[in-house]
Amino acid sequence: MTHAPVPPGATIGFLGGGQLGRMTAMAARTLGYDVRVLDPERDCPARHVADETITAPWADAEAAARLAAGCAAVTLEIEQIPRASLEAVAGLAPLSPGVEAVYVIQERARQKEWLASNGFPLGPFRTVRHSTTTADAVAALGPAIVKSAMGGYDGRGQVRVRTPDEGRAAFESLRAPVCVVEAFLDIATEISVLVARRADGVAVAYPTSRNVHTHGVLTWAVTPSGADEDLEAKARALALGIAGKLGIIGLLAVEMFVLHDGSLLVNELAPRPHNTFHHSERAHPTSQFEQLVRAICHLPLGSVDVIRPAAIHNLLGDIWEGGAPDFAKALAIPGVRVHLYGKKESRPGRKMGHLSADGATPEEALDRVLTAYRALTS
């Protein structure tokens, strides 16, 4: 089926006005589109670049319908949108990704069970709904991580455990009706692949990003990742296969573990722009944000070739505790840019922005961004 391109001047709706919505909205405006946003926060980051912002909870299906009315396309920057709101949007405007794909991904147990049932590689896991079955799962799997099935991200909603009794206590402390118990893995490195896919099935996969997390939150990412040719091909093929099976329209980020024995396992999926590909603004002709707009508006997908290695480092609210950082120190490092999200309130762990850098090699790009971060925090 062919789809007519959405012309400039049309309105694109965003379920979510955080930093991902803001950066995608900026790309949409560059391409000539108007922007409408729905977000629970009145002063959300995307408000300052949107033509209209609707302030309402995600569960407000009537507000979701107001967002969609008159939009040529609607996308999202957060997957935790109740199904009723997604359906309210889809009844009035093309929603990308679609309701079923988001529904599968947004609940961790459902996501893992879907991946397993479709033959995609995963580490050992159990879905649990009681403290006793959680203890049993830890007894069977060994040291593990207990994660709430809904809502947990950036290291929240998860507890590391080593014994069945710790597993039981973790389930009780998380206060979630459904959790996933994931066995500890012998991880050599973490990588991710970002897929952009149109409604006609045309898709591209960005080269892998190498990622380092601290307490479950991304610290830095760099591309090219350094993966060998075989691993690179396998990772991109795996991500494209998952996106095709889900019928993704828009973006799908696939986080993966590379084990010391060379095995490649899926960690998590995200149907939206992803923190590990913020360097796409520097490394590729087409950023992930512009690529999302192209995909949902049925435009030709842009090149994902690496034109120059690049890296990013997250800026969390912790570094604002003594006052606003002196960003001139970071900007003094060659090749470094500062990206701030326009959030009015800083707090520990909150993503306030990121640094990006390019370089002649991935190592140089990473060294520049790490040096800039140290300059901010010394």
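Backbone amide hydrogens, once placed in the peptide plane, bring residue 73 within less than 5 Å of 13, excluding anything fewer than 5 places away on its chain.
Pairs of Cα atoms under 8 Å, at least six residues apart: use those to get the relative contact order of the range 187-377, whole percent. Once normalised by length, the contact order is 20 percent. Computed over Cα pairs, the Kirkwood radius of the chain leads via Stokes-Einstein (1.567 mPa s, 4 °C) to a diffusion coefficient of 61 µm² per second. Candidates 13, 30, 55 compared by Cα position along the dipole of the range 11-95: farthest toward the positive end lies 30, with charges placed on Cβ. What residue among 30, 276, 53 shows peak mean-square fluctuation when the chain is described by a Gaussian network model with Cα springs under 10 Å? For the chain, modelled as a Gaussian network with Cα springs under 10 Å, the answer is 30. Its Cα centre serving as origin, the range 159-227 has a Cβ charge dipole (Lys and Arg +1, Asp and Glu -1) of approximately 180 debye.
Computed from point charges on the beta carbon alone (+1 for Lys and Arg, -1 for Asp and Glu), the dipole magnitude for the chain about its Cα centre is near 460 Debye. According to the Cα-based calculation, Rg over Rh for the range 46-135 is 1.10, with Rh computed by the Kirkwood formula. Please work out whether the range 1-97 counts as rounded, prolate or oblate from its C-alpha gyration tensor, where a ≥ b ≥ c are the square roots of the eigenvalues and a/c under 1.5 means rounded, while otherwise a/b larger than b/c means prolate and anything else oblate? Because a/c hits 1.5 or more and a/b fails to exceed b/c, the range 1-97 counts as oblate. Using C-alpha pairs under 8 Å with a sequence gap of at least 6, the mean separation divided by the residue count of the range 111-183 gives a relative contact order of 42 percent. Among the listed pairs 112/351; 234/329; 147/351, a Cα-Cα separation exceeding 31 Å is found for 234/329.
Identify, among 135, 78, 106, the residue whose Cα sits farthest towards the positive end of the charge dipole of the range 69-163, taking +1 on the Cβ of Lys and Arg and -1 on the Cβ of Asp and Glu, with the dipole about the Cα centre. It is 135, whose Cα lies furthest towards the positive end.
Shape analysis of the range 220-352 yields a ratio of the Cα radius of gyration to the Kirkwood radius, Rg/Rh, of 1.00.
Taken about its Cα centre, the range 11-95 carries a charge dipole of roughly 140 debye when the Cβ of each Lys and Arg holds +1 and the Cβ of each Asp and Glu holds -1. Springs between Cα atoms under 10 Å define the GNM used for the chain, and in it the highest mean-square fluctuation of 315, 174, 251 occurs at 174.
When only Cα pairs below 8 angstrom with a gap of at least 6 residues are kept, the chain shows a relative contact order of 13 percent. With 0.36 nm allotted per residue and the present C-alpha distance subtracted, the residue 338-residue 122 stretch has 74.2 nm of extension available.
Cβ under 13 Å from residue 85's Cβ, residue 85 left aside: what net charge do those residues give with Lys, Arg +1 and Asp, Glu -1? Cβ neighbours under 13 Å give a net charge of -3.
The range 191-238 and the range 341-371 have Cα centres spaced 19 Å apart. Summing charges over all other residues whose Cβ lies under 12 Å from the Cβ of residue 259, with Lys and Arg as +1 and Asp and Glu as -1, gives -3.
Exposed loop positions in the chain were taken to be trypsin sites (Lys or Arg not before Pro) whose DSSP state is not H, G, I, E or B and which have at most 10 other beta-carbon atoms within 10 angstrom. Between these positions, the longest stretch is 176-343. GNM on the chain, alpha-carbon springs under 10 angstrom: the most fluctuating residue among 115, 340, 355 is 340. Estimated from helices alone, the mean residue ellipticity of the chain at 222 nm is -9500 deg cm²/dmol (sum of -39500 (n - 2.57) over DSSP H runs with n ≥ 4, per residue).
Just so you know, all these numbers are worked out from the coordinates, no wet-lab data involved. No experiment lies behind these values; they were computed from the predicted model shown. Counting neighbours? That spans all protein chains shown, and the Cβs are built from the backbone with ideal geometry, glycine included.
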